[in-house]
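The values are calculated or read from the model by the stated rules, or taken from the named source; none is laboratory data. From a predicted model like this one, the values you see are computed outputs, not experimental measurements. Ideal geometry is used to build each Cβ from the backbone, glycine not excepted, and the neighbour counts take in all protein chains shown.
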Amino acid sequence: MQADIILIRAVFTVILVVAGYLIEPIPTWVGKELGIPAGSRIFSAIAGLGIACGIVFFELRIRRASLKTLIGAAIGSILGIIGSTMMGFLITAQPWDQPIKSFLTLTLTLFMAYVGLLVGAAKGDYIDLAALGGFLSDRGAKQSFKILDTSVIIDGRVADIAEAGFLGGVIMIPQFVLRELQQIADSSDSAKRNRGRRGLDILQRIQKNSNLDVQIYEADFPNVKEVDLKLIELGKQLNAPIVTNDFNLNKVAHLRGVEVLNINELANALKPVVLPGEIMKVFILKEGKEYNQGVAYLDDGTMVVVDNARKLIGKNVDMIVTSVLQTTAGKMIFGRVEEPVNQRDMRDHQSRQTPLSAQSSVIDS
């Protein structure tokens, strides 16, 4: 999608440049005055290139505006033009020279249209689109952008989620997040520096994926210093959720009325569901805190505490799930390893024989 848009912009620019060269809107005398052969054609082509760049820049800016802002700007500019037209009748009735009338009318029209455009765009957030009709509702636009936080970029799992198709819409990366990543990558602390470089590598991986629509948000909030608060303001402005795994940002964003997509909550939701009585095959990694316990971990990081597994460290064993504990940090699974039948029978036999041997010794004595 992004490559197609770039191609369309390039074709549009070439068409304007060629049209300016062939049509030659700049008078011929310009080239003659400068002593440049066919100078007017060259200047016309340059003018076409400038107009194309201006239109593309305007298109890039207007793509980031919300539907409410666009409607407010359109209504404001139309009202401004209507007001300037009514005032133009007064100018026409004055006994002034025609050039002065034309200049004042044109200036007044541009001024009123410009002021109406700015005021309408600024007040567009007060428009209730639902009251104007269902086809103008911006509910779908709320899901069109996903804003990435610094922590979730460094985490790296967001790239796998996006590549799997579970992060639809436009992935928005604010410029102030890029600056924070750059500062972390340039840190004197080696641990922070590695985390920052990992985040930049993840961003490069996301941008190289042709199936993802990634955009850099250039605007900033100079009155807001903290990056987390800037993300919240951007989420409000775009009506877009923030993708993060920061617990504090999650809480503050919910308090400010901004939707949050938490990667950790998604990971917990995707952990396998196990029920008491099921048999699992795990690798005993280390000793547990309690007596005769072993600890194992699943592929997703879930801790498994296994009874009767202390002597089985470094081995794969089959365990029976006894209970599952859900905590704020995640899920813990408890289970036990069944002893072989021959060992259990031998232990039971020894326990039965012990009193008999003790009794015979007492009789002998």
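Screening residue 224 with (1) part of a loop (DSSP other than H, G, I, E, B); (2) within 18 Å of residue 168 (Cβ to Cβ) gives one miss only, at (2).
Output the qualifying pairs, or none if there are none: Cβ atoms under 8 angstrom, residues six or more apart or on different chains, first residue in region 188-210 and hydroxyl-bearing (Ser, Thr, Tyr), second residue assigned to a helix (DSSP H, G or I). Short answer, once both residue conditions are applied: 210/2; 210/3. Within region 202-221, the set of residues being surrounded by fewer than 14 Cβ atoms within 10 Å (Cβ to Cβ), part of a helix (DSSP H, G or I) and of a type in the set (D, E, K, R) comprises just one member, 208. Count of region 61-91 residues, restricted to those that are over 21 Å from residue 123 (Cα atoms) and surrounded by 13 or more Cβ atoms within 10 Å (Cβ to Cβ), is 4. Only helices (runs of 4 or more DSSP H) whose full extent lies in region 70-158 are considered here, and the ones with at least 2 residues that are closer than 28 Å to residue 215 by Cα and modelled with pLDDT of 85 or more are 98-122, 150-155. For the condition among the acidic types (Asp, Glu) and within 22 Å of residue 64 (Cβ to Cβ), residue 186 does not qualify. Of the residues making up region 277-292, at least one is on the phi > 0 side of the Ramachandran plot and either polar (S, T, N, Q) or touching a strand residue (DSSP E or B) at 6+ places or on another chain (Cβ under 6 Å) (or both). For region 154-197, a tally of residues being surrounded by 14 or more Cβ atoms within 10 Å (Cβ to Cβ), among the charged types (D, E, K, R) and under 15 Å from the mean Cα position of the chain (by Cα) returns 3. For region 296-306, state whether one or more residues are surrounded by fewer than 18 Cβ atoms within 10 Å (Cβ to Cβ) and over 17 Å from residue 272 (Cα atoms). Checked region 296-306: no residue is surrounded by fewer than 18 Cβ atoms within 10 Å (Cβ to Cβ) and over 17 Å from residue 272 (Cα atoms). Beta carbons closer than 7 Å, at least 6 apart along the sequence or on distinct chains, pair a first residue in region 1-24 that is within 12 Å of residue 51 (Cα to Cα) with a second that is of a type in the set (S, T, N, Q) and assigned to a helix (DSSP H, G or I) for 20/44.
Within region 239-260, the set of residues being crowded, with 20+ Cβ neighbours inside 10 Å, outside any loop (DSSP other than H, G, I, E, B) and among the aliphatic types (A, V, I, L, M) comprises 242, 243, 249, 253, 260. Which of the residues belonging to region 296-313 are in a strand (DSSP E or B) and within 36 Å of the chain's Cα centre (by Cα)? Scanning region 296-313 gives 296, 297, 303, 304.
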